[in-house]
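Remarks on the structure that follows.
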Amino acid sequence: MSHHIVEVKGLSHVYPDGTHALRDVSFRITHGESVALIGANGAGKSTLLLHLNGYLVPTQGEVRVGDLPVTRTTLNEIRRSVGMVFQNPDDQLFMPTVFDDVAFGPLNLGLPPEEAERRVAQALEQVDALPLRGKPPYRLSAGEKKRVAIAAVLAMSPDILVMDEPTDGLDPFARRTLIGLLKEFRHTRIITSHDLDMVLELCQRAIVLHEGRVMADGPVLDIFRDEALLAACRLEPPLSMQGCPVCGGQGR
């Protein structure tokens with residue numbers, strides 16, 4: 001596997017209704033980086049994520065993971081490397097029990113049942129959800145579903161963890177628990193989120209999308225301090241970087 005884990009070159013995507021979701025997007029993410037894809041609603045973030053493991057096919061351009069192009073013939077190998085956690089965990093959890101959901105991926109990789117069971121236990125323990133293994137997913141809280149969806153991806157031992165709005169819909173305690181969990185991961189991480197305070201904690205680099213184009217790519221703090229850029233892309237700095245409305249104190 002190349003150290004340049006993810007490379008996107010001239011990627012464009014046009015939906016059947018004529019919507020241009022991505023326009024000539026290019027970037028490279030190297031091994032072990034934690035990168036945020038940020039932008040307003042409709043900027044193209046989720047569309048971009050869906051190209052990283054072949055859920056969508058480019059209209060133009062190319063996506064490579066390691067040394068492999070993402071094509072229909074390489075999908076099985078690509079999806080062993082790229083684990084996708086969707087914004088809504090109900091899109092991933094569909095089996096009778098948590099154990100069955102987390103075991104689904106390893107079993108479909110052809111692993112023997114005893115190895116799949118070992119991976120399930122390891123992944124659930126990693127996200128502090130082992131006591132949930134026998135529960136039906138529909139009985140879980142939003143935070144529990146997020147943790148189980150992450151476990152289902154981790155059980156497949158991916159090199160790259162891709163997450164779409166991981167803190168969406170979580171209460172403050174569940175959000176803080178999830179951020180703590182994600183801090184412990186040593187995967188390459190690619191995250192889309194409107195939770196820019198979470199981005200500030202978890203990511204060293206941000207790629208800003210606006211109307212399907214890359215408007216900026218650089219260190220997170222530099223991006224968040226560029227007021228003109230944020231305003232042009234319909235974004236605001238994280239709350240922790242804004243001045244206090246009561247005392248007038250400045251953020252970081």
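The values are calculated or read from the model by the stated rules, or taken from the named source; none is laboratory data. Source: prediction; values computed, not measured. Methodologically, a virtual Cβ is constructed for each residue, glycine included, from the backbone with ideal geometry; neighbour enumeration extends over all protein chains shown.
Note on the stretch 83-136: among residues that are assigned to a loop (DSSP other than H, G, I, E, B) and in contact with a strand residue (DSSP E or B) (Cβ under 8 Å, 6 or more places away or on another chain), the one that is surrounded by the fewest Cβ atoms within 10 Å (Cβ to Cβ) is Gln87. For first residues located in the stretch 121-143 and over 25 Å from Glu165 (Cβ atoms), partners that are among the aromatic types (Phe, Trp, Tyr) and buried (at least 17 other Cβ atoms within 10 Å of the Cβ) and lie 6+ apart or on another chain with Cβ distances below 7 Å form the pairs Arg133/Phe99; Gly134/Phe99. Report whether or not Leu52 is outside any loop (DSSP other than H, G, I, E, B), surrounded by 13 or more Cβ atoms within 10 Å (Cβ to Cβ) and either on the phi < 0 side of the Ramachandran plot or not β-branched (Val, Ile, Thr) (or both). No; evaluated as a whole, the condition is false for this residue.
On the stretch given as the stretch 176-222, residues that are at pLDDT below 90, buried (at least 19 other Cβ atoms within 10 Å of the Cβ) and not in a loop (DSSP other than H, G, I, E, B) total 2.
Scanning the stretch 21-75 for residues that are under 15 Å from Ser193 (Cα atoms) and β-branched (Val, Ile, Thr) returns Val35, Ile38, Thr47. When restricted to residues that are assigned to a loop (DSSP other than H, G, I, E, B), more than 14 Å from Ile160 (Cα to Cα) and not aliphatic (A, V, I, L, M), the stretch 55-66 contains 3.
Rundown of residues vs (1) modelled with pLDDT of 95 or more; (2) out of contact with any Asp or Glu (no Cβ under 8 Å at 6 or more places or on another chain), yes/no style:
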position: Gln87; (1), (2): no, no
position: Gly105; (1), (2): no, yes
position: Pro113; (1), (2): no, yes
position: Val120; (1), (2): yes, yes
position: Lys145; (1), (2): no, no
position: Ala151; (1), (2): no, yes
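The set of residues from the stretch 35-46 being buried (at least 21 other Cβ atoms within 10 Å of the Cβ) and within 12 Å of the chain's Cα centre (by Cα) comprises Val35, Ala36, Leu37, Ile38, Lys45. Residue-level check: of (1) of a type outside the set (Gly, Ala, Ser); (2) crowded, with 21+ Cβ neighbours inside 10 Å; (3) closer than 13 Å to Val6 by Cβ; (4) modelled with pLDDT of 95 or more, Glu62 misses just (2). For the stretch 75-82, the criterion of a residue being of a type outside the set (A, V, I, L, M, F, W, C), at pLDDT below 95 and in a loop (DSSP other than H, G, I, E, B) is satisfied by no position.
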